[in-house]
1. Tell me, please, whether a residue that is within 13 Å of the chain's Cα centre (by Cα) and at pLDDT 95 or above can be found in region 8-19.
2. Here is a list of conditions, (1) of a type outside the set (Asp, Glu); (2) surrounded by fewer than 18 Cβ atoms within 10 Å (Cβ to Cβ); (3) in contact (Cβ under 8 Å) with a residue 40 or more places away in the chain; (4) more than 15 Å from residue 16 (Cα to Cα), and residue 70 meets all of them except one; can you say which number that is?
3. In region 74-91, what count of residues is obtained for those that are within 14 Å of residue 45 (Cβ to Cβ) and either in a strand (DSSP E or B) or in contact (Cβ under 8 Å) with a residue 60 or more places away in the chain (or both)?
4. I need a count of the residues in region 66-89 that are under 12 Å from the mean Cα position of the chain (by Cα) and closer than 18 Å to residue 37 by Cβ.
Amino acid sequence: TASYALNAGDIVFLRNETNPSTTDIIKVHESIFNQSNLTVLSSSIFIIEDKADYYVLGDLINSGSIIVSGTLKVGGALLNAGSITGPGTIE
């Protein structure tokens with residue numbers, strides 16, 4: 001029987017929003033597929049490191065700060081009231 005322990009950073013994917021007043025990071029070589037929407041809160045920073053992928057099938061609602069060095073793929077709408085920076089790719 002396999003078991004899986006959740007890390008603190010995994011909670012962002014269970015709630016479909018970033019943690020308030022903190023930084024959530026998709027680390028190098030991680031590839032995350034979110035089948036729903038993601039909300040980046042106004043007090044949050046969401047980082048996708050180089051050689052990391054984050055795919056949100058639904059909408060990405062950004063009121064905070066997103067830094068993309070890897071790849072961010074958005075299947076739905078990108079609703080941006082915050083900032084998006086970085087040398088990465090947004091598709």
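The values are calculated or read from the model by the stated rules, or taken from the named source; none is laboratory data. Nothing here was measured: the structure is a model prediction, and the numbers come from that model. Cβ placement follows ideal geometry from the backbone for every residue including glycine, while neighbour counts extend to all protein chains displayed.
1. Of region 8-19, the ones within 13 Å of the chain's Cα centre (by Cα) are 9-19.
Next, from what is left, pick out any that are at pLDDT 95 or above: none.
No: region 8-19 contains no residue that is within 13 Å of the chain's Cα centre (by Cα) and at pLDDT 95 or above.
2. (2)
3. Step one: list which residues in region 74-91 are within 14 Å of residue 45 (Cβ to Cβ), which gives 82-86.
Adding the requirement that they be either in a strand (DSSP E or B) or in contact (Cβ under 8 Å) with a residue 60 or more places away in the chain (or both) leaves 83-85.
Qualifying residue count, region 74-91: 3.
4. The total comes to 6.
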